[in-house]
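A short write-up of the structure that comes next.
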Number of protein chains: 2
Amino acid sequence: MNQCKSILEITHISVKDIRFHTSKNNTGSDARSKDPDYSCIYIQVYTTDPQIIGIGTVFTLGRGNSGVHAIVKEQLRHIRGLSLDYIITNFNALWRNIVNDGQLCWNGPEKGMLHQANAGIINALWDIWAKYENKPVWKLIVDLPPDKLINTLNFDHIEDAITKDEALHILEAVDKKQTDTNIGYPVYLTCGWSGYSNEKLTTILQQSLKQGITGYKMKVGNNIENDCKKAEFIRDIISYDNMLSMDANGVWNKEEAITNMNKLKQYKPYWIEEPTHPDDIISHIDITKSIYPIKVATGEQCSNKVLFKQFIQNKGLSIVQTDIQRLAGINEWFVVMLMCKKYNIPFCLHSGGIGLVNLGVHLCMIDYMCISQSTEGRYAEYIDELTEHYKYPVQLENGKYKPPKSLGFGVELKEESILEYEFPNGKYWITTYGKKVIKDKEWVL
Amino acid sequence: MNQCKSILEITHISVKDIRFHTSKNNTGSDARSKDPDYSCIYIQVYTTDPQIIGIGTVFTLGRGNSGVHAIVKEQLRHIRGLSLDYIITNFNALWRNIVNDGQLCWNGPEKGMLHQANAGIINALWDIWAKYENKPVWKLIVDLPPDKLINTLNFDHIEDAITKDEALHILEAVDKKQTDTNIGYPVYLTCGWSGYSNEKLTTILQQSLKQGITGYKMKVGNNIENDCKKAEFIRDIISYDNMLSMDANGVWNKEEAITNMNKLKQYKPYWIEEPTHPDDIISHIDITKSIYPIKVATGEQCSNKVLFKQFIQNKGLSIVQTDIQRLAGINEWFVVMLMCKKYNIPFCLHSGGIGLVNLGVHLCMIDYMCISQSTEGRYAEYIDELTEHYKYPVQLENGKYKPPKSLGFGVELKEESILEYEFPNGKYWITTYGKKVIKDKEWVL
């Protein structure tokens, strides 16, 4: 660590509401969200070093920003004025204070908007730490000695699945010299959103195949006959040489999930994602048994490590998909991955939304280099919408993710995108058209 | 229904942030919340009839109000301008639209602040309906024919535990003539908050015994030796003739819960409440088995019917404690109670906070008169703090709740209490002292 900068402290914090009008072209539409406007609360944590600004983002589908914004502002009290030294030394205690805030915990606990807001704040701290070390977040973590890393992690209420000692042994057993730090990490493309036309879908698939992308995912869950037709349509273009998965966004009940997957299995899906309600651990256990060898993937809406523990211990999933803006930051994500390692569950990155791609690439690298040391059967979700708004878009090479080189998470939005899409006073939203959209959507100002 | 009023419509809606400074005297302090300031978002839904204003409340511990306030305002779009006729006819579809709002569902789903905000809005609609019928909510529901009541309920994702047809049969099998509509419903008092002195506790217990209250609950979970001493202290006053339960507020892990309850069992607790993390269904199943015959009670932080389904089907609890400001209104609470009936789990009302007592009495009456027809082994939580702020405080007679007579839920705050405690401009908060409290608490204005 650079000693001359060792008194780095948080000076002030800015919180912005950013909303992109993605519902205009149906991006993100699925069985449940018909008109999502990909949005985020964008947290900028300034420090005594003007070059080091920690960024945290919290993804919502538009109106969700209002609630998250209010919560983030309340929770900043936990980090104002802290030194990086204090954060690093006390990260677990600080994490616990933020997550269990005495006046907010009733409105979770550890779930929903509150936990998502906390995720944004906590990840901004990792961003500061990595920038201070002049490293991407994945490299910071790969370089941390296991005994230092373990002290940032929290094992409350999961000790029956994994203890701190077991976790340390897992970390210590990894021979990092065996990993390829310039790895290409396989990706899949989420295409076939509910609102896309066949023409649009064809264009996207053909372009992606040319790019070398070998994995694809389609949305299901509106109407089983249409789902079958769409699967056939996609298989005709991508053939059976590429991976195709399916995502029901939780709209089926247990029986429907089993029945419908029996109809869809002819298209050889690698996994079905969220076949039923994301909180229904017991039904997931039954579905996983019933539709074998199709894998059951879930986790993007799994709120916390305690719920993940139950899915992982009891075979309620066969692929884990964590969301780094839903779990309370790297600290909580990491212990979920350690449970996966112990119980032999592969990680396939959930991504999309805003900033999830940027943060997600780091998770892939960390899982590969510090935990699983494998990419077998693993695919990271790749969605390229909105990347034009990022200063450091993720790099895809021959259909694979490259380890990011930008410092921290590299999740900085471009200044001009912030000026354009900040809500409600960005350039886009103050036009006559923008104002009409706000009015039609009944967004609260 | 009164035909001449049949065009009742929602005209406008007011949403207020109300905060009481309860941390001043440690009310509500427990193992996790050291300085709760009981607060609520107070929703007033005005109609074309000036006599009919639907009230909905969402309880928080203070700062939580900021987030809930923002969400409630976004969600009002679902009910603006609706007629009561439309609401009654389409209550299930309306419930589903509110709960699964396409731009907010990502920030749940069905949990946390979002679900709590929805609860407040949905219960305000029941309040309107009951007031229109000139009845308390419990009486409205008791008088509804089963085939009409069932259409307000939602069975999505719980059909594997109970179908709509099964539910209807349960409702039709109840002979309401067998119920005592003037029943006295047994209560218990939550005393022994973490922050209370022995002197204060003694006074409260002695007064309550004189009132005829036969059930008591103490907080545990800070330090097991202190917990044992406090249990002994309370048993010395209330003797073993009265019911004593314990509440750990989820701070233990599974092993600690079993070990500590083995130490506390000498004080013969009727139940242990939230022995571990409220989302940990599997650990609750193990604890329930291990500490029999002490009952395991949980539910006040159980987010939705899908989680309750798993607890109920798999014996993860032996007493169910729903929170009517956490589940999305009477509609969701009712299906949870129907599952309890089918699986033979008694309901003991969770209460406290703000407005929960007022709403809760209705739940007791509905459970007794429409579903279980029993009060055996059932105790409703009684907390008398803050009742002075309500126009229609609940009536306790010989240590038992009386069926409320006020219209709707009777959850109206007194005008002077609103003027005093509205945040941040109520009379209490604009004093020099109030401003200092706000500053010390770092509440965001």
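Laboratory data are not the source of any read-out in this text; all were calculated from the coordinates shown. Given the structure is predicted, the values throughout are model-derived calculations rather than measurements. With ideal geometry, Cβ positions are generated from the backbone for all residues, glycine too; neighbour counts draw on all protein chains shown.
Taking neighbour counts of Cβ atoms within 10 Å as a proxy for exposure, in what order, fewest first, do B:412, A:274 appear? Write out the running numbers ahead of the final one.
Numbers: B:412 23, A:274 27.
Ranking B:412, A:274 by Cβ neighbours within 10 Å, fewest first, gives B:412, A:274.
If you filter segment B:230-267 for chymotrypsin sites (Phe, Trp or Tyr not before Pro), then keep DSSP loop positions with at most 12 other Cβ within 10 Å, what is left? Walk me through the intermediate numbers first.
Working: sites: B:233, B:240, B:252, B:267; in loops: B:240, B:252.
Answer in residue order: B:240.
Between residue B:435 and residue A:180, with labels modelled 7 Å along Cα→Cβ, what's the label distance in nm to one decimal, could you check?
Roughly 6.5 nm, to one decimal.
Place a point 7 Å from the Cα of residue B:202 along the Cα-to-Cβ direction; which residues of segment B:217-247 have their backbone N under 18 Å from it?
Counting only backbone N, you get B:229-239.
Could you compute the net charge surrounding residue A:293? Neighbours are other residues with a C-beta less than 13 Å from the C-beta of residue A:293; K and R count +1, D and E count -1. Write down the numbers at each step before the final one.
On the way: positive: A:265, A:268, A:289, A:295; negative: none.
Value of the local net charge: +4.
For segment A:216-279, what is the relative contact order in percent, using Cα pairs closer than 8 Å and at least 6 residues apart in sequence?
Working: 87 pairs, mean separation 25.7, N = 64.
So the answer I get is 40 percent.
Taking each residue in B:112-120, count the Cβ atoms of any other chain within 10 Å of its Cβ, then average. What number comes out? Each step should come with its number before you reach the end.
Values: counts 13, 14, 7, 4, 4, 3, 0, 0, 0.
Going residue by residue through B:112-120 and averaging, the value is 5.
Give the calculated FRET efficiency between residue A:86 and residue A:387 to the nearest 0.05, with a Förster radius of 30 Å applied to their Cβ-Cβ distance. Could you put the intermediate results ahead of the total?
Working: r = 35 Å, r/R0 = 1.16.
My answer for the efficiency is 0.30.
For the protein assembly as shown, compute the orientation-averaged projected area of the C-alpha convex hull (one quarter of its surface), in nm².
Numbers: hull surface 142.7 nm².
Over every viewing direction, the Cα hull of the protein assembly as shown projects on average to 35.7 nm².
Can you compute the modelled spin-label distance between residue A:259 and residue A:96, with each label point 7 Å from Cα toward Cβ, in nm?
For residue A:259 paired with residue A:96, the spin-label model returns 4.9 nm.
Based on DSSP H runs of at least 4 residues, each adding -39500 (n - 2.57), what is the mean residue ellipticity at 222 nm of chain A after dividing by all its residues, to the nearest 500 deg cm²/dmol?
Details: 16 runs with 170 residues, N = 445.
Taking each H run of at least 4 residues, the total per residue is -11500 deg cm²/dmol.
Pull out the extension gain between residue B:134 and residue B:395, defined as 0.36 nm times the separation in residues minus the alpha carbon to alpha carbon distance; nm, one decimal. If you can, show how the numbers build up before the last one.
Values: separation 261, 0.36 × 261 = 93.96 nm, distance 1.94 nm.
This chain segment gains 92.0 nm when fully extended.
How many nanometers, to one decimal and shortest first, lie between the label point of residue B:237 and those of its other copies, if labels sit 7 Å from Cα toward Cβ?
Sorted ascending, the copy-to-copy spacings read 7.2 nm.
Once R0 is set to 56 Å, what does the formula 1/(1 + (r/R0)^6) return for the Cβ-Cβ distance between residue A:266 and residue A:160, expressed as a FRET efficiency to the nearest 0.05?
Working: r = 40 Å, r/R0 = 0.72.
My answer for the efficiency is 0.90.
Count the lysine pairs in segment B:79-207 whose Cα atoms sit under 20 Å apart, keeping only pairs 8 or more residues apart in sequence or on different chains.
Here the count comes out as 11.
Grab the eigenvalues of the alpha-carbon gyration tensor for segment A:161-219, scale each by 5, take roots, and send me the semi-axes largest first in whole angstrom.
Values: eigenvalues 311, 61, 5 Å².
Working from the Cα gyration tensor, I get semi-axes of 39, 18, 5 Å.
Just which residue of chain A brings its Cβ nearest the axis of rotation onto chain B, and by how many angstrom, rounded whole?
Result for the axis mapping A onto B: A:112, 1.
Expected output is a single nm value to one decimal: the length gained when fully extending between residue B:233 and residue B:210, i.e. 0.36 nm times separation in residues minus the C-alpha distance. What is it? Working shown, then result.
On the way: separation 23, 0.36 × 23 = 8.28 nm, distance 1.79 nm.
That works out to 6.5 nm of additional length.
With r as the distance between the Cβ atoms of residue B:416 and residue A:342 and R0 = 41 Å, compute the FRET efficiency 1/(1 + (r/R0)^6) and round to 0.05. Intermediate results must be reported in sequence, preceding the final value.
On the way: r = 59 Å, r/R0 = 1.43.
With a Förster radius of 41 Å, E is 0.10.
Given the options B:394, B:191, B:290, identify the residue whose Cα lies farthest towards the positive end of the charge dipole of segment B:176-401 (+1 on Cβ of Lys, Arg; -1 on Cβ of Asp, Glu).
B:290
Loop only per DSSP, at most 15 neighbouring Cβ atoms within 10 Å: give me the trypsin sites (Lys or Arg not before Pro) in segment A:329-410, ordered by residue number. It would help to have the intermediate numbers written out before the result.
On the way: sites: A:341, A:342, A:378, A:391, A:400, A:405; in loops: A:378, A:391, A:405.
Those that pass, being in a loop and sparsely packed, are A:391, A:405.
Using all alpha carbons of chain B, what is the percent of pairwise distances in each 10 Å bin, ordered from the shortest bin to the longest?
4, 21, 32, 28, 12, 2, 0
Specify the inter-centroid distance of segment A:51-117 and segment A:260-338, based on alpha-carbon positions, in whole Å.
26
Measuring from centroid to centroid over Cα atoms, what is the spacing of segment B:140-207 and segment A:353-430 in Å?
Cα centres, segment B:140-207 to segment A:353-430: 48 Å.
What is the gain in length, in nm to one decimal, between residue A:7 and residue A:240 on full extension, counting 0.36 nm per residue of separation less the C-alpha to C-alpha distance? Before the final figure, lay out the partial values.
On the way: separation 233, 0.36 × 233 = 83.88 nm, distance 5.64 nm.
Value of the extension gain: 78.2 nm.
May I ask you to report, in nm to one decimal and beginning with the shortest, the distances from residue A:435 to the same position in the other copies, taking label points 7 Å along Cα-to-Cβ?
3.6
With bins 10 Å wide starting at 0, give me the P(r) of segment A:349-410 over every alpha carbon pair, in whole percents.
In order of increasing distance, the bins hold 22, 59, 18, 1 percent.
Listing B:155, A:91 from the residue with the fewest other Cβ atoms within 10 Å to the one with the most, what is the order?
On the way: B:155 19, A:91 23.
In order of increasing Cβ crowding within 10 Å: B:155, A:91.
Tell me, A:392, B:42, A:433 in order of fewest to most beta-carbon neighbours within 10 Å? Write down the numbers at each step before the final one.
On the way: A:392 18, B:42 27, A:433 11.
Starting with the residue having the fewest Cβ neighbours, the order is A:433, A:392, B:42.
Note down the relative contact order for chain A as a percent, whole number, built from C-alpha pairs under 8 angstrom at least six residues apart.
Values: 851 pairs, mean separation 80.7, N = 445.
Across chain A, relative contact order equals 18 percent.
Can you compute the radius of gyration and Dmax for segment A:54-144, using only the Cα atoms, both in Å?
For segment A:54-144, the Cα-based Rg and Dmax read 13.6, 39 Å.
Rounded, prolate or oblate: which one fits segment A:176-401, using the alpha carbon gyration tensor with axes a ≥ b ≥ c (rounded when a/c is under 1.5, else prolate when a/b beats b/c, else oblate)?
On the way: a/c = 1.64, a/b = 1.07, b/c = 1.54.
Since a/c reaches 1.5 but b/c is at least a/b, the shape of segment A:176-401 is classed as oblate.
Relative to the other copies, what are the label-point distances for residue A:262, with labels 7 Å from Cα along the C-beta vector, expressed in nm at one decimal and sorted shortest first?
Result, one decimal in nm: 4.7.
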